[in-house]
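> Here it is: the structure, laid out below.
Nothing in this text is a laboratory measurement; each read-out follows from the coordinates by a stated rule. Fair warning: this is a prediction, and the values are worked out from it, not measured in the lab. Neighbour counts run over all protein chains shown; Cβ positions are idealised from the backbone, glycine included.
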Amino acid sequence: MVTLILAGGCKTGPGPGVIEARKGDEIVAAGRFFHTGTPVVLWMDPGGYDGYRVERRFSPIAESGWDASKAAAKSLRTPNRYDLREAALTPEEIERVRGGGWDLPLLQRVVDQFVLHYDVCGTSRQCFKILQDNRDLSVHFMLDLDGTIYQTLDLKECARHASISNTRSVGVEIANMGAYGSNETNPLAQWYHPETNGQTVITIPARFGDGGIRTRGFAGHPARPDPVTGTIQGRALLQYDFTPQQYEALIKLTAALCKVFPRIRCDYPKDAAGKLIPHKLPDAELVNYHGVLGHYHIQTDKVDPGPALQWDYLIGSAQRLMNGGFTPTVEATLKGRAQEPNNP
């Protein structure tokens with residue numbers, strides 16, 4: 001009887017060698033997978049961008065090793081383009097995690113900001129090339145024109161993207177050609193082409209090939225066809241909006257990060273009247289700020305993610321998603337605003 005019970009014992013899980021299925025929407029924090037509801041390509045996936053690699057990703061392989069790279073790219077300081085999140089850790093905790101031994105509760109204690117950038121590269125492939133091969137920088141996420149999210153590092157790593165906020169933040173570079181003053185030379189006419197139907201199409205310049213866009217045949221357009229003007233750091237700037245696909249993905253990523261990291265409050269920096277603060281936060285306010293913010297909230301010499309980002313739509317939609325609500329598309333939101341009284 002005992003032998004029969006042992007031989008036919010209850011199965012508690014898949015057998016050895018069985019593939020653990022993934023849905024393709026997971027991000028990684030402290031070695032654990034979390035769903036986002038939107039396509040994510042990890043550094044370990046085919047077609048991913050691996051921020052752990054020492055070699056330059058887009059140089060000839062014979063010239064991509066560290067010795068050749070540091071000679072060819074003088075800005076590269078260290079083989080790794082990322083650091084240890086150590087500023088908020090005790091010496092004992094540093095010793096524990098320096099070999100990779102982060103647990104989620106410790107990481108949740110440390111991470112309290114989500115920093116938004118635009119990449120001024122146009123596509124995530126070009127962004128990774130600039131960061132990894134040329135500038136000794138890194139970022140956790142890149143968000144391409146078609147809404148594909150690329151994660152380059154586990155969120156336990158301290159990516160080099162936002163100076164004094166690096167050790168406490170997660171960062172995303174959104175594919176967009178940036179914001180410019182009226183007297184500045186800019187590349188916008190090379191990328192954005194108005195059509196007779198009133199729409200504006202994004203055209204990747206031929207020198208970038210297909211741009212590495214993951215969605216075959218993707219035809220991108222900014223959420224608003226005309227350039228958006230606004231003031232950041234006291235400068236009047238012009239910028240094309242992000243794509244609807246980018247907004248949809250960013251909303252879901254923001255909601256997921258605010259769920260995974262409870263200290264990231266799902267909100268943006270506001271003044272006493274509840275309006276967006278369009279400049280660097282005073283040092284004391286930045287130290288005490290926990291939430292979503294722009295690169296320009298951290299550094300006076302930065303203006304990204306620019307005046308075009310629709311903060312209310314992004315954060316409001318992420319908040320609704322976190323609470324199980326419905327998120328309207330950016331096009332529907334813009335149409336609704338246009339139909340409101342006192343709106344043109």
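> What trypsin sites (Lys or Arg not before Pro) does the stretch 206-241 have in DSSP loop regions with at most 15 other beta carbons within 10 Å?
Here the trypsin sites (Lys or Arg not before Pro) that fit, given the DSSP loop and packing criteria, are R216.
> Report the longest stretch of the chain that contains none of the chymotrypsin sites (Phe, Trp or Tyr not before Pro) sitting in a DSSP loop with at most 14 other Cβ atoms within 10 Å.
59-325
> Separate question: What Rg and what Dmax come out for the chain when only alpha-carbon atoms are used, in angstroms?
21.8, 88
> About the Cα centre, and with charges only on the beta carbon of Lys, Arg (+1) and Asp, Glu (-1), how big is the dipole of the stretch 216-344? Nearest 20 debye, please.
Dipole size: approximately 280 debye.
> Could you list the trypsin sites (Lys or Arg not before Pro) in the stretch 80-155 that lie in coil according to DSSP, counting only those with at most 16 other Cβ atoms within 10 Å of their Cβ?
R98
> Please return the longest range in the chain lying between exposed loop sites, taking GluC sites (Glu not before Pro), DSSP loop only, at most 13 other beta-carbon atoms within 10 Å, and leaving the sites out.
Formally, the longest exposed-site-free interval is 21-183.
> First select every other residue whose beta carbon is under 10 angstrom from the beta carbon of A179; then total the charges, Lys and Arg +1, Asp and Glu -1.
-1
> Okay, moving on. K259: which aspartates and glutamates have alpha carbons under 18 Å from its alpha carbon, excluding same-chain residues fewer than 8 sequence positions away?
In chain and number order, the partners are D25, E26, D103, D112, D154, E248, D267.
> Could you check what % of the DSSP bridge pairs in the stretch 38-189 are antiparallel, to the nearest 5?
35 percent
> Moving on. What percent does the relative contact order of the chain come to when contacts are Cα pairs within less than 8 Å and at least six residues apart?
Rounded, it is 17 percent for the chain.
> So if I place +1 on the C-beta of Lys and Arg and -1 on the C-beta of Asp and Glu, and nothing else carries charge, what would the dipole magnitude of the stretch 165-280 be about its Cα centre? I want it in debye, nearest 20.
Value, rounded to 20: 560 debye.
> At a threshold of 8 angstrom on Cα-Cα distance, excluding pairs fewer than six apart, so keeping six or more, what relative contact order does the stretch 104-181 reach in percent?
Reported relative contact order: 43 percent.
> Just tell me which aspartates and glutamates come within less than 17 Å, Cα to Cα, of K129; anything on the same chain fewer than 8 places away is out.
Correct list for K129: D50, E55, E63, D119, D144, E173, D210.
> Taking every pair of distinct Cα atoms and averaging 1/r, then inverting, what Kirkwood hydrodynamic radius in Å comes out for the stretch 144-248?
Its Kirkwood hydrodynamic radius stands at 15.7 Å.
> Which translational diffusion coefficient, to the nearest whole µm²/s, is obtained for the stretch 67-125 from the Stokes-Einstein equation, given a Kirkwood hydrodynamic radius over C-alpha pairs, 25 °C and 0.890 mPa s?
In µm²/s, the coefficient rounds to 166.
> Here's a follow-up. What are the DSSP H helices in the chain that stretch 15 Å or more along their long axis, judged by alpha-carbon atoms, and whose average Kyte-Doolittle hydropathy comes to at least 0.0?
Helices meeting the criterion: 244-260, 311-322.
> Over the stretch 98-181, what is the percentage of antiparallel beta bridges among all DSSP beta bridges, to the nearest 5?
25 percent
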